[in-house]
1. Restricting the search to region 30-64, which residues are β-branched (Val, Ile, Thr) and either surrounded by 11 or more Cβ atoms within 10 Å (Cβ to Cβ) or not in a loop (DSSP other than H, G, I, E, B) (or both)?
2. Check 57, 36 and return the single one that is of a type outside the set (Lys, Arg) and under 13 Å from the mean Cα position of the chain (by Cα).
3. Would you please name the residue that is farthest from residue 102 (Cα to Cα), looking only at residues in region 25-53 that are of a type in the set (Gly, Ala, Ser) and at pLDDT below 90?
4. Only residues that are modelled with pLDDT of 90 or more and either open to solvent by less than 50 Å² (accessible area, probe 1.4 Å) or among the hydrophobic types (A, V, I, L, M, F, W, C) (or both): list them for region 7-24, please.
5. For residue 106, are the conditions met, namely being surrounded by 12 or more Cβ atoms within 10 Å (Cβ to Cβ) and outside any strand (DSSP E or B)?
6. What number of residues within region 52-85 are touching an Asp or Glu at 6+ places or on another chain (Cβ under 6 Å) and within 28 Å of residue 5 (Cβ to Cβ)?
7. Can residue 68 be described as modelled with pLDDT of 90 or more, touching a strand residue (DSSP E or B) at 6+ places or on another chain (Cβ under 6 Å), assigned to a loop (DSSP other than H, G, I, E, B) and open to solvent by less than 40 Å² (accessible area, probe 1.4 Å)?
8. On the basis of being out of contact with any Leu (no Cβ under 6 Å at 6 or more places or on another chain), among the aromatic types (Phe, Trp, Tyr), assigned to a strand (DSSP E or B) and within 19 Å of residue 13 (Cα to Cα), does residue 100 make the cut?
Amino acid sequence: MNKGELAWQIAHGDTPDNIKNNPALKGVTIPRTGRQGRIGVLVTKSLVIAGEGGFIQTPQGRGAYLRAYDKKTGADAGQVFMPAPQTGSPMTYMIGGTQYLTVAISGPGYSGEFLTFKLGN
């Protein structure tokens, strides 16, 4: 940060459905474009974690993903499907040696709630 050099950047999130499914773009290969939204980011020693803004249609149903990226390279480190988009900053904490990650979600047609994921074994 002292030099202002960009280490990596990535399109965060999948391509919105209205672009992916646009008849005018049929047959065109569209790389992941990212999704708009106001999201909070959690940065750990090795990961950058953030959910997607807005709903998308996936094989799991209507929802959004919580994604993790390698902090040094920006490579995808994992994702988990959520039934609604992130609406608050994720947080992490430990209880009895087990780490948890909690994120607030909600959206049109989906009332607000907290999702908590147990990390590790």
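The values are calculated or read from the model by the stated rules, or taken from the named source; none is laboratory data. Please read all numbers here as calculations on a predicted model, not as lab measurements. So basically every Cβ, Gly included, is an ideal-geometry build from the backbone, and we count neighbours across all protein chains shown. Each accessible area value is taken on the protein alone, full model and side chains, heavy atoms only, with ligands, DNA and RNA left out. Shrake-Rupley method; radii C 1.70, N 1.55, O 1.52, S 1.80 Å.
1. If the condition is that a residue be β-branched (Val, Ile, Thr) and either surrounded by 11 or more Cβ atoms within 10 Å (Cβ to Cβ) or not in a loop (DSSP other than H, G, I, E, B) (or both), then 33, 39, 41, 43, 44, 48, 49, 56, 58 are the ones that fit.
2. Of 57, 36, the one residue that is of a type outside the set (Lys, Arg) and under 13 Å from the mean Cα position of the chain (by Cα) is 36.
3. The qualifying residue farthest from residue 102 (Cα to Cα) is 34.
4. Matches in region 7-24: 8, 24.
5. In short, no.
6. So the answer is 1.
7. No: the conditions fail for residue 68.
8. Criteria not met by residue 100.
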